[in-house]
Amino acid sequence: MSERTLFDKVWNQHTVKTLPSGQTQLFIGLHLIHEVTSPQAFAMLRERNLTVLYPQRTVATVDHIVPTEDQSRPYADGLAEEMMVAIENNTSSNGITLHNVGDGKQGVVHIVAPELGLTQPGMTVACGDSHTATHGAFGAIAFGIGTSQVRDVLATQTLAMGGLKVRRIEVTGALKAGVYAKDLVLHIIRVLGVNGGVGYAYEFAGEAIEALDMEGRMTVCNMAIEGGARCGYINPDQVTFDYLKGREHAPTGAAWDNACAWWSSIASDVDAVFDDVVTFDASTIQPTITWGITPAQGLGIEENIPAVSDFPAEDAALIGEAYEYMSFEAGQAIAGTGIDVAFIGSCTNGRMSDLREAARIAELHGGTVPAQVKAFVVPGSEQVKKLAEEEGLDKVFVKHGFEWREAGCSMCLAMNPDKLVGRQVSASTSNRNFKGRQGSSTGRTLLMSPAMVVVAALEGVVTDVRPLVEKGASA
Amino acid sequence: MSAVTHIKGRAVPVRGNDIDTDRIIPARFLRCVTFDGLGEHAFADDRAQLKEKGETHAFDKEEYAGANVLLVNANFGCGSSREHAPQSLAKWGIEAIVGISYAEIFFNNNIALGIPCIQVSPEEADGIQTAIESDPNLDVAINVETAEISYGASVIKGILHEGVRNRFLTGSWDATGMLVEAADEVAATAGKLPYMNGFQK
């Protein structure tokens, strides 16, 4: 049993009571909703004559079905339009704030809440979206939930939850140039597996984690769910406080000092007890790419596609399925794999630091996306888009042959018009390489960092970004 | 809500580890404001792809029509939190799932629908799948209280943790009712959280 960890402290302070079932009734400090997983929850409330208990603790935006090109209403997709109307009506009739397209604050829910300062250390956060784990970067305990649980949070501001074990993932050393938070988390998932985290909260810690800025920390926590963990978090520190200071919903004046004191108090104690500790050395990690159909099927850019014999016997069928679906053979190099589409965006890698680094790499390379590749950049929010344009990043992308789009989830899950076609291969900064994930039931996805996607787009094939980064460092 | 104590019927095996919720219900079917009609789209892309290869997915096989117990392998339901996945299975007719392990959000979404997900060992999962594949008409019965699964002449004892099991047995698998009762205690907990009053001391 873990003790004195951030998870234990936050869990205890938010425990309302132990339910007759033995589970915990847990108070949720921040509830985020979007258009895909909330309409049925509001319908259930109406059926049961229930109202929203704390409307000011729920914040809504729209992201999954929003088109990133023509955003004029009504949307060409009638079903998407119906979902937009549903969330507009449900939020207005229940007194819930909605950050809608065009109001300057819309975007991917896991990008919007942090940039508005809504997500804060020590909170419990819930959202009907598995990538809610992202908010753990602030030292919040953040759970992805289903629609029936969205109903529960709307009606009661609580969830019925079983407890979790806590695994500390200690990352020592420093990431090498050209290796990013995305590579780090893909590497961790590769080693621990897609179900390695089942039953656990992941605490990411150690010098390599502390050295990340908040956006890198969000990238790491975002993918905790891909490792099977119920949530992932990083203890809050000065980096966290500096990020929050001055944001719209961050406390000010005397309240700021009170907040910093409480936020510091909820961090794991130096003598905290963990159920499990795993250590990684950041300096050994290469740019990491997925080759298969689960986020754990990854490899370093210098490596070749693994053999079935490299895996436990029970994984043999899955590995065979991955070879067939991806058209890869054991022993083949991943470098040099041709791509058709390059996607930069998503709740994993759609933030300013991602776009700045992507633009920098494009400039270092100097080339243009070849005709056979479709490359596009989807900023994570309207705020990210505005700031990127102020910095001239949009012009850099367009100059190098990338399309510059409006904010949304886009081709991470392809619920909007952005989709792969047929068996296209996508170099993607998103978080899932599942079969059919990017909108074509036979489409193929290679997950990688924004820098690696840029160089893959410009070269037309998967390419190690490190030589370019070294060139940039010596220039 | 009514208690879920016994599930009786026939089973349908869907083999494979790490079957994610995108595969259970592809994202294009999430463009909806109700869960109605999702049943026919369960495993839509997997089914279509097998058909193209001249094979048949279990959900399309005549002999499994009307089955209500889904037999799976490890880490079933990983990935997206979409409740559309268990909803599509439920609307197809699934009332219980037996497998080696489940992704947690999927597991919890099933509790909310009154669908127990019972854990068994890899050998037991393979054993019951093989038995059903050779005789799809075999009667299957699940006792939620003991987590025992009987099929034909065989009985295996699975795992369903106490807190979860109690919610099925007491009819509190739909959590809203019991959570609503604690409104005063919720307010008391909220009152102690410094961020709830904007960190004013």
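The values are calculated or read from the model by the stated rules, or taken from the named source; none is laboratory data. Since we're looking at a predicted model, the values are computed, not measured. Please note: Cβ atoms are built from the backbone with ideal geometry, for glycine as well, and neighbour counts cover all protein chains shown. In case anyone asks, the SASA skips ligands and DNA or RNA and just uses the protein heavy atoms, side chains included. Shrake-Rupley method; radii C 1.70, N 1.55, O 1.52, S 1.80 Å.
Going by the structure shown, is A:LEU32 in contact (Cβ under 8 Å) with a residue 12 or more places away in the chain, away from chain B (no Cβ under 11 Å), more than 30 Å from A:LYS419 (Cα to Cα) and crowded, with 24+ Cβ neighbours inside 10 Å?
Numbers: in contact (Cβ under 8 Å) with a residue 12 or more places away in the chain: yes; away from chain B (no Cβ under 11 Å): yes; more than 30 Å from A:LYS419 (Cα to Cα): no; crowded, with 24+ Cβ neighbours inside 10 Å: yes.
No, not satisfied.
Yes or no, residue by residue, for (1) assigned by TED's automatic domain parsing to the domain that holds A:ALA229; (2) hydroxyl-bearing (Ser, Thr, Tyr); (3) over 22 Å from A:TYR54 (Cβ atoms):
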{"position": "A:ALA140", "(1), (2), (3)": "yes, no, no"}
{"position": "A:GLY146", "(1), (2), (3)": "yes, no, no"}
{"position": "A:ASP152", "(1), (2), (3)": "yes, no, no"}
{"position": "A:THR156", "(1), (2), (3)": "yes, yes, no"}
{"position": "A:GLY163", "(1), (2), (3)": "yes, no, yes"}
{"position": "A:VAL166", "(1), (2), (3)": "yes, no, yes"}
{"position": "A:ILE169", "(1), (2), (3)": "yes, no, yes"}
{"position": "A:GLY173", "(1), (2), (3)": "yes, no, yes"}
{"position": "A:GLY178", "(1), (2), (3)": "yes, no, yes"}
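Of the conditions (1) closer than 29 Å to B:GLY37 by Cα; (2) crowded, with 18+ Cβ neighbours inside 10 Å, A:GLY78 satisfies every one except a single condition; which number is it?
In the conditions (1) closer than 29 Å to B:GLY37 by Cα; (2) crowded, with 18+ Cβ neighbours inside 10 Å, A:GLY78 misses (2) alone.
List the number of the failed condition for A:VAL198; all other conditions in (1) more than 10 Å from chain B (Cβ to nearest Cβ); (2) open to solvent by 10 Å² or more (accessible area, probe 1.4 Å) hold.
Failed condition: (1).
Could you grab me the full set of residues in the stretch A:287-307 that are out of contact with any strand residue (DSSP E or B) (no Cβ under 6 Å at 6 or more places or on another chain) and β-branched (Val, Ile, Thr)?
If the condition is that a residue be out of contact with any strand residue (DSSP E or B) (no Cβ under 6 Å at 6 or more places or on another chain) and β-branched (Val, Ile, Thr), then A:ILE293, A:THR294, A:ILE301, A:ILE305 are the ones that fit.
Cβ-Cβ below 7 Å, separation at least six or inter-chain, first residue in the stretch A:90-102 and part of a helix (DSSP H, G or I), second open to solvent by less than 20 Å² (accessible area, probe 1.4 Å) and of a type in the set (Val, Ile, Thr): which pairs?
A:ASN94/A:VAL52
Quick one: which residue in A:LEU26, A:LEU45, A:LEU32, A:LEU50 is in a strand (DSSP E or B) and within 27 Å of B:ASP36 (Cα to Cα)? Break it down into steps so the answer makes sense when it comes.
Values: A:LEU26 fails: within 27 Å of B:ASP36 (Cα to Cα); A:LEU45 fails: in a strand (DSSP E or B); A:LEU50 fails: in a strand (DSSP E or B).
None of the other options fit; the residue is A:LEU32.
Can you name the helices (runs of 4 or more DSSP H) wholly within the stretch B:108-201 that have at least 3 residues being within 14 Å of chain A (Cβ to nearest Cβ) and under 30 Å from A:GLY29 (Cα atoms)?
Filter on the stretch B:108-201 gives B:162-169, B:176-180, B:183-192.
For the stretch B:160-201, how many residues are within 21 Å of A:PRO20 (Cβ to Cβ) and either within 22 Å of the chain's Cα centre (by Cα) or not small (Gly, Ala, Ser) (or both)? Show your work before the answer.
Start the filter on the stretch B:160-201 by keeping residues that are within 21 Å of A:PRO20 (Cβ to Cβ), which leaves B:160-189.
Subset that is either within 22 Å of the chain's Cα centre (by Cα) or not small (Gly, Ala, Ser) (or both): B:160-181, B:184-186, B:189.
Final tally of qualifying residues: 26.
Take the residues in the stretch A:60-75 that are in contact (Cβ under 8 Å) with a residue 24 or more places away in the chain and within 14 Å of chain B (Cβ to nearest Cβ), then tell me which one is surrounded by the fewest Cβ atoms within 10 Å (Cβ to Cβ). Talk me through it step by step, then tell me what you get.
We begin by selecting, within the stretch A:60-75, every residue in contact (Cβ under 8 Å) with a residue 24 or more places away in the chain; these are A:60-69, A:71.
Narrowing the set further to residues that are within 14 Å of chain B (Cβ to nearest Cβ) leaves A:62-67.
Values: A:VAL62: 27, A:ASP63: 28, A:HIS64: 24, A:ILE65: 26, A:VAL66: 26, A:PRO67: 19.
The selected residue is A:PRO67.
Residue-wise test of (1) open to solvent by less than 20 Å² (accessible area, probe 1.4 Å); (2) under 16 Å from the mean Cα position of the chain (by Cα); (3) more than 24 Å from B:GLU145 (Cβ to Cβ).
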position	(1), (2), (3)
B:ILE7	yes, yes, no
B:PHE29	no, no, yes
B:ALA42	yes, yes, yes
B:LYS51	no, no, yes
B:ALA58	yes, no, yes
B:ASN68	yes, yes, no
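Of A:ASP354, A:ASP340, which residue is of a type in the set (Asp, Glu), modelled with pLDDT of 95 or more and crowded, with 24+ Cβ neighbours inside 10 Å?
So the residue among A:ASP354, A:ASP340 that is of a type in the set (Asp, Glu), modelled with pLDDT of 95 or more and crowded, with 24+ Cβ neighbours inside 10 Å is A:ASP354.
Which condition number does B:GLU83 fail, the rest of (1) open to solvent by less than 10 Å² (accessible area, probe 1.4 Å); (2) more than 14 Å from the chain's Cα centre (by Cα); (3) not small (Gly, Ala, Ser) being met?
(2)
Just a yes or no: is a residue in the stretch A:429-440 assigned by TED's automatic domain parsing to the domain that holds A:TYR323, among the hydrophobic types (A, V, I, L, M, F, W, C), closer than 16 Å to A:ASP340 by Cβ and in contact (Cβ under 8 Å) with a residue 12 or more places away in the chain?
no
For A:LEU387, only one of the following conditions fails: (1) within 22 Å of A:GLY102 (Cα to Cα); (2) open to solvent by less than 10 Å² (accessible area, probe 1.4 Å); (3) of a type in the set (A, V, I, L, M). What is its number?
(2)
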